[in-house]
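These notes concern the structure reproduced below.
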Amino acid sequence: MGLPRGCGHPSLTGHARGLLTSLFTLLLLRLGSAQLRVVGPGHPLTATVGQDVVLPCHLSPQRDARTLEVRWIRHSLSETVHHYRNGEDLYREQMRAYVGRTELARDGLSAGSLDLRITGLRPSDDGQYICTVEDAYNEAIVELEVSATGADPHLSLGGYEAGGVRVLCRSAGWYPLPQLLWRDARGQHLPSVSQTHSQDQEGLFEIEGAVIVTGSVEGPLSCVVRSSRTQQERESSLHIAAPFFHNAQPWMVALALVLVLLAVSIGLGVYLFLKKGAQSRELDKQAAELAWRRGLLPHNRVKVTLDPHTAHPQLVLSQDNSSVRWETQKQQVSDTSERFDNQCCMLGREEFREGRHCWLVVVEGKRGKYLWWAMGVARASVKRKGWIDMSPEEGIWVVQYNEGQLMSLTSPRTPLSLSPVPTRIWVCLNCTQGQVSFINADNGVEIFTFTAASFNGESIHPWFRLETRGIQLCLGDSTL
C-alpha cells in the first residue's frame, strides 16, 4: 500500500530538521566569532629610552581571554615579542631582544585586556607591534615611537680656515637621528660646512657638525641639537670677538683661539676637567679616522672578486667575476650549503680578519625609484638558507636602496637623506676597531658608519644583494 498523498516520510523529515538545526547553530557560532575584534589605541605611543611602556590592546566585545592564544609580534610570526596560550607564557619562539623584558597583564585577561608591558626600552624597540588573537577576525597595530634626548652640545675650536675659524659641535645620546643647527646672535641660521653621525652599540646617535666663522658674524654663536620626534633641543653658545679676525695671520688666529678656548674651559669648570681626557682621545680618534678616509683611503684599496659558489640562482656573474646582474629565470646550479637560496645575495671571495680594507662598488644601468640593491660585509658564518634578517645581530652590516630610499640596515632601519643617491660607493672595513664605513666615491663624504661591530673573531667577506633587472653591481678600481 502506498503512502497517503501529501505526506512525507517521518525519518526523512527528522533528518532534514536535524541538518537545518546544525547549520543554523554553526552559522550563529560563525557570526559570534566574526563579531570579536582586537582593538588598539588608534594613535602612536611615545616613550623614552630606558623607561617601561605598556602597549594597550583589548577584545571587543569584552570576553575572558585567559583560555585564548595571544601573540604580540613585530612583522611576522617569526618575530614574536610575547606568546601566551591557555594561562601559560611560551618563550620558545620569543625574539632574543625581548627575553626577560615582556609581561602580559594577567589581571586584566579576564576582562579582555591584552596589554603588554615592555621594560627598559631600547632604540631597537621603535616601530610597529601587532596584537593577534586566535578567535578574532582582525588584529590591532600599535605604533611605538621611542626617543632619547642627548647631552648638551660640546663646542670646540679647530684651526684657521678660509679666512675664518672652524668651530665644531658634537652631541651624543640621541634617538632618532637629531637635527644640528647653527645660529648667530640675531637668530639667523648659518650653513654647516660638514655634518656626520654614527650609532653606538645601544643604537643611540652621536652627531657632529662644523661651521666656518668669519669676522662678519657678531655676538655669540649657538649650536642647537633638536630631536626630530619630540622637538626637544639642547643648545650651547660660544663668543668669538670680531677683532680677532681683522687682518689676522694664522699664528694670531691660533693664539686667539687658545685664549677663547681657555675662557670656555674655565666657564665649563669641573665638567670639562673630568671629561677632558676622554674628549681628547675621542678627538684624536676622529682625526685619525678622517685622515684615513680622506688621505689614506687609496692606499688601503684591495681587489675584490665575486664568489659564484655563494650566488643565488637568479644572480648571473660576468666571466671575470667582477660584476653581477639579476635575471627572472633561475640558473641551473647546484644547491650547495654555501649558496643563498631565498634572498638574492652573494659573498665576495676575499676574507679579512685584521687591518683596514676598502673596495669600490659601482651601480651601473638605469636609474629610478623602483630599484633594489645593497652592499656591505658579512661574517663567514652568515645564514645562507631560508629567510635572512639582514642586520648586525645576524652578522650583516650593509646599506640598501629600495623604492627610492637609501638606508642603513640597523635595528631598526636608519633612513639616509642623500640627494642624489650615490652610485659609486667605497665599502671600508676596519677589522681592528670593528667599523664598517660607506663613503661616496664622487666627493669623499661619509654616507654611514657602523661602529663597534661584533665580528666575533670570524673572517669577514664582502656582501652583495641585487633584485632588479636593468642594473648591475660592478667592482670598480678608482680613487676618491
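Miscellaneous remarks
- When each of Asp125, Asp107, Asp115 is tested for being at negative phi, among the charged types (D, E, K, R), modelled with pLDDT of 90 or more and over 26 Å from the mean Cα position of the chain (by Cα), the lone residue that passes is Asp115.
- Scope the stretch 319-333; condition in a loop (DSSP other than H, G, I, E, B), more than 17 Å from Leu360 (Cα to Cα) and either of a type outside the set (D, E, K, R) or open to solvent by 100 Å² or more (accessible area, probe 1.4 Å) (or both); matching residues: Gln319, Thr328, Gln329, Lys330, Gln331, Gln332, Val333
- Some residue of the stretch 31-53 being touching a Pro at 6+ places or on another chain (Cβ under 9 Å), of a type in the set (S, T, N, Q) and open to solvent by 40 Å² or more (accessible area, probe 1.4 Å): yes
- Qualifying residue in the stretch 306-315 (condition: part of a loop (DSSP other than H, G, I, E, B), among the β-branched types (Val, Ile, Thr) and more than 24 Å from the chain's Cα centre (by Cα)): no
- Count of residues meeting criterion [among the charged types (D, E, K, R), more than 16 Å from Leu429 (Cα to Cα) and part of a strand (DSSP E or B)] in the stretch 356-401: 1
- In the stretch 406-419 there is at least one residue matching the filter, namely being in contact with a Phe, Trp or Tyr (Cβ under 9 Å, 6 or more places away or on another chain), at pLDDT 90 or above, open to solvent by 30 Å² or more (accessible area, probe 1.4 Å) and under 24 Å from Arg122 (Cβ atoms).
- Criterion: out of contact with any Pro (no Cβ under 8 Å at 6 or more places or on another chain), hydrophobic (A, V, I, L, M, F, W, C), open to solvent by 10 Å² or more (accessible area, probe 1.4 Å) and in a strand (DSSP E or B) - qualifying residue of Cys474, Cys428: Cys474
- Leu168 in a strand (DSSP E or B) and of a type outside the set (Ser, Thr, Tyr): yes
- Going through (1) part of a strand (DSSP E or B); (2) among the small types (Gly, Ala, Ser); (3) closer than 30 Å to Glu143 by Cβ one by one, Ser437 falls short only on (3).
The values are calculated or read from the model by the stated rules, or taken from the named source; none is laboratory data. Owing to the predicted nature of the structure, the values given are computational and were not obtained by experimental measurement. Note that each Cβ is placed from the backbone with ideal geometry, even for glycine, and that neighbours are counted across all protein chains shown. Side chains included, ligands, DNA and RNA excluded: accessible areas come from the protein's heavy atoms. Shrake-Rupley method; radii C 1.70, N 1.55, O 1.52, S 1.80 Å.
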